[in-house]
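Asker: Below you'll find the structure I mean.
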Amino acid sequence: MDLNTKDIQLQYEGFLNTPFLWNSDAVFDLKQFEFLKENSATFNNGIVKNLRLGKRVERFVMHELIQKKNINILAENIQIQNGKTTVGEIDCILTENEHPFHLEIIYKFYLYDETFGTTEIEHWIGPNRNDNLVKKLTKLKNKQLPLLYNSFTNPLLKKINLKSENIAQRVYFKAQLFVPLSLKNNSFDLINNECIQGFYIHFNELKQFSDCKFFIPSKINWLQAVQTQTRWLTYNLFLTKVEDLIKQETAPLCWIKYPNGEVQKFFVVWW
C-alpha cells in the first residue's frame with residue numbers, strides 16, 4: 001500500500017469513527033440521517049491527491065452509504081442552475097427502503113470559546129474564528145435545505161421522478177470538538193460529548209508541554225486518529241514550526257505524545 005493510499009484509508013477510518021454532532025433532532029430541529037452502521041472499514045476508491053477535506057468527506061459518505069443494500073443514491077453533488085448562475089448545490093438525494101431523502105453533508109472542527117456568543121451552541125467556533133456552528137446551522141436551515149423547494153431544482157427532481165413534497169430532509173453532521181484545558185472534563189448538554197477529541201491552547205501557554213513530543217498533520221489528515229508510528233518532533237522544533245503558522249493567524253491541529261506514551265489531538269490558537 002503506497003503512502004497516499006494508506007493515508008486515505010486512515011482518513012476514511014477517522015471519518016467513520018467520528019460521531020454525529022448530535023442525535024436525532026436535538027439541535028435547531030435538524031434531523032440527523034440515522035441508519036444502521038455495519039459497514040466495512042475499507043475505502044477502495046481512488047481520490048484526487050489535492051481534493052480538499054470537505055469534498056473528501058462527501059466521497060467517504062457516498063462510499064459508506066452505497067455499502068447499504070437498502071440505500072440507493074439517486075443524485076449527488078448536483079449544481080442547481082439558473083441559466084449560467086449557480087443557485088446552490090444539493091449534496092445528495094437517495095432512497096432508504098424506497099423512502100426518498102434529501103441529505104446535506106457536513107464535517108467540522110469546532111473549538112469551545114465562552115467569550116464568543118451567549119449560549120452553548122453559539123460558543124462553538126472554527127479554529128480561526130471565521131466560522132461558527134450557529135452560522136452553519138442557520139445556512140443549512142435557511143439556504144441549503146430550502147434549495148429542494150426552489151423552482152430551479154425541478155428539472156433535477158423530474159429527472160429522478162420525484163416531487164419535493166414527498167422527500168424527507170436530513171443532515172449528516174459530524175464534528176471533532178476541542179475544549180480549553182480548563183474544561184477538559186466538562187460535559188455539554190446539547191451536543192454529543194463523544195465528539196470531543198482533545199483540547200486547545202494559546203501559543204504562549206505551550207511551555208507546560210516542553211517534555212512532550214509533537215506532530216503537525218496536513219489538513220486532510222486532520223481526519224485521522226493520532227498515529228503513534230510517526231516522526232515526532234521535539235518541543236523546540238515543534239515550537240519553531242508552530243510559530244510560523246501562528247504569525248499567519250492560522251491555528252493548526254497537532255498531535256501530542258506525553259512522556260508516558262499517551263497521545264492526543266489539540267489545537268494551538270493565535271487568538
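Asker: Inside the stretch 165-181, can you point out the residues that are touching a strand residue (DSSP E or B) at 6+ places or on another chain (Cβ under 9 Å) and not in a strand (DSSP E or B)?
Answerer: Asn166, Ile167, Leu181
Asker: Tell me, yes or no, whether the stretch 109-128 has at least one residue that is hydroxyl-bearing (Ser, Thr, Tyr), under 23 Å from Phe15 (Cβ atoms) and under 15 Å from the mean Cα position of the chain (by Cα).
Answerer: The answer is yes; a qualifying residue exists.
Asker: Does Val87 qualify as being in the same structural domain as Leu10 (by TED's automatic domain parsing), part of a loop (DSSP other than H, G, I, E, B) and surrounded by fewer than 19 Cβ atoms within 10 Å (Cβ to Cβ)?
Answerer: No: the conditions fail for Val87.
Asker: For Thr85, state whether it is within 30 Å of Glu249 (Cβ to Cβ) and out of contact with any strand residue (DSSP E or B) (no Cβ under 9 Å at 6 or more places or on another chain).
Answerer: So Thr85 does not fit the description; no.
Asker: Kindly evaluate Leu65 against the criterion of being in a helix (DSSP H, G or I) and surrounded by fewer than 18 Cβ atoms within 10 Å (Cβ to Cβ).
Answerer: no
Asker: Then there is this: Inside the stretch 98-134, can you point out the residues that are within 29 Å of Lys163 (Cα to Cα) and either free of Cβ contacts under 8 Å to residues at least 60 places away in the same chain or surrounded by fewer than 17 Cβ atoms within 10 Å (Cβ to Cβ) (or both)?
Answerer: Residues satisfying the conditions are Glu98, His99.
Asker: Scan the stretch 243-260 residue by residue and report those that are surrounded by 12 or more Cβ atoms within 10 Å (Cβ to Cβ) and more than 20 Å from Gln197 (Cα to Cα).
Answerer: Glu243, Leu245, Ile246, Glu249
Asker: Restricting to the stretch 26-40, give me the number of residues that are among the charged types (D, E, K, R) and either modelled with pLDDT of 85 or more or surrounded by 16 or more Cβ atoms within 10 Å (Cβ to Cβ) (or both).
Answerer: 3
The values are calculated or read from the model by the stated rules, or taken from the named source; none is laboratory data. The structure displayed is predicted, hence computed values, not measured ones. Neighbour counts are summed over all protein chains in view; Cβ atoms, including those assigned to glycine, are modelled from backbone coordinates with ideal geometry.
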